[in-house]
Amino acid sequence: MCGRFAITLPTDAMAQLFAATPANDLPEAERFNICPTNPVAAVTSDDGARHLRPMRWGFLPHWYKSPTDGPLLINARAETLAEKPAFRAACRARRCLIPATGFYEWTKTPEGARLPWYIHRTDGAPIAFAGVWQAWEAQDQAFVTCAIVTTRANQPMSKIHHRMPVTLPPEDWALWLGEAGKGAARLMEPAPNETFNFYRVDPAVNSNRATGPGLIAPLDA
């Protein structure tokens with residue numbers, strides 16, 4: 001799964017990386033503890049023109065009468081994405097990329113204490129999560145919402161969790177965004193084993209109020 005992540009790439013660098021036109025109301029770029037319901041930057045494509053736009057993390061199906069009318073869908077399982085009523089239409093027509101620098105996962109001690117790990121690309125490059133999005137409106141509220149697609153963990157990641165986000169290299173962005181025809185389903189696989197490194201970080205990140213670059217520093221630094 002993916003329940004927290006960080007982004008340290010400036011907005012103009014994100015726009016340049018994805019060859020996307022940035023919106024004027026994007027969230028602050030440098031954030032070290034992005035949580036569900038927070039605004040995120042996401043890349044969409046409209047007739048081949050890419051846009052970097054703000055979205056609310058937590059997919060709201062169109063039938064929800066309020067943002068709390070059902071579970072907050074921050075992740076979407078790759079194995080059922082095309083069949084689940086909440087995601088079926090978005091899987092076909094509303095796919096996006098969600099930039100990140102790294103993300104967090106947790107293990108537990110025998111006593112139940114939560115131990116956070118920070119996961120980042122071994123080559124230091126930004127991460128592009130595969131996502132789906134949905135415009136939602138009800139009761140004078142309107143959001144553009146998104147979820148991160150997840151799949152089974154690769155071998156290294158399975159040491160800390162059995163799931164991982166689907167992450168896409170640049171050569172697959174056009175296919176996921178619908179710019180390069182059909183066949184995006186084949187992209188929803190675990191990243192190659194050498195893609196990510198991970199290390200323990202301070203349990204301060206367990207609080208959704210925590211912030212600052214110290215959250216992604218190795219625990220023994």
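State the Kirkwood hydrodynamic radius of the chain in Å, one decimal place, computed from all pairs of distinct Cα atoms.
When all Cα pairs of the chain are included, the Kirkwood radius is 17.7 Å.
Enumerate the residues in the stretch 120-149 having an amide nitrogen under 18 Å from the point lying 7 Å beyond the Cα of S66 toward its Cβ.
Those under the cut-off are 136-143.
Pulled fully out, how much extra length does the chain show between S207 and A135, if you take 0.36 nm times their separation in residues and subtract their Cα-Cα distance?
Value of the extension gain: 23.0 nm.
Taking just the alpha-carbon atoms of the stretch 104-221, what radius of gyration and Dmax come out, in angstrom?
In order Rg, Dmax, the Cα atoms of the stretch 104-221 give 17.0, 50 Å.
Please enumerate, by chain and number, the aspartates and glutamates with C-alpha under 12 Å from the C-alpha of K159, excluding those fewer than 8 residues away in the same chain.
Here the aspartates and glutamates satisfying the reach criterion relative to K159 are E105.
On a 1.4 Å probe surface of the protein chains, which of K182, K108 comes out largest in accessible area, and what is the full order?
In descending accessible area the options line up as K182, K108.
Could you point to the residue in G112, M157, V205 farthest towards the positive end of the chain's charge dipole, with +1 and -1 charges on the Cβ of Lys/Arg and Asp/Glu respectively?
Of the listed residues, the answer is G112.
So how far, in whole Å, is the C-alpha centre of the stretch 150-221 from the one of the stretch 86-101?
16
Using a 1.4 angstrom probe, figure out how much accessible area the stretch 57-153 has per residue, in square angstrom, rounded to the nearest whole.
Solvent-accessible surface per residue comes out at 45 Å².
List the relative contact order of the chain as a percent without decimals, with contacts defined as Cα pairs under 8 Å and 6+ residues apart.
So the answer I get is 21 percent.
Can you tell me the dipole magnitude for the chain around its Cα centre, using point charges on the Cβ only (Lys, Arg +1; Asp, Glu -1), in Debye to the nearest 20?
600
For the stretch 72-167, state what percent of all Cα-Cα pairs lands in each successive 10 Å bin, counting from 0 Å until the bin that includes the largest distance.
Going out from 0 Å in 10 Å bins, the stretch 72-167 shows 14, 39, 31, 14, 2 percent.
Which one, G183, T80, G58, projects farthest toward the positive side of the charge dipole computed for the chain from Cβ point charges (K/R +1, D/E -1)?
Toward the positive end, the furthest listed residue is T80.
With 18 Å as the cut-off, how large is the P(r) tail for the stretch 11-128, expressed as percent of Cα-Cα pairs?
Result for the distance tail: 62 percent.
Of all the C-alpha pairs in the stretch 162-221, what % are more than 12 Å from each other?
Taking all Cα-Cα pairs of the stretch 162-221, the fraction more than 12 Å apart is 75 percent.
The values are calculated or read from the model by the stated rules, or taken from the named source; none is laboratory data. The structure displayed is predicted, hence computed values, not measured ones. Don't worry about glycine lacking a Cβ; one is built from the backbone with ideal geometry, like all the others, and counts go over all protein chains shown. To get the accessible areas, we keep the full protein, side chains included, count just its heavy atoms, and leave off ligands, DNA and RNA. Shrake-Rupley method; radii C 1.70, N 1.55, O 1.52, S 1.80 Å.
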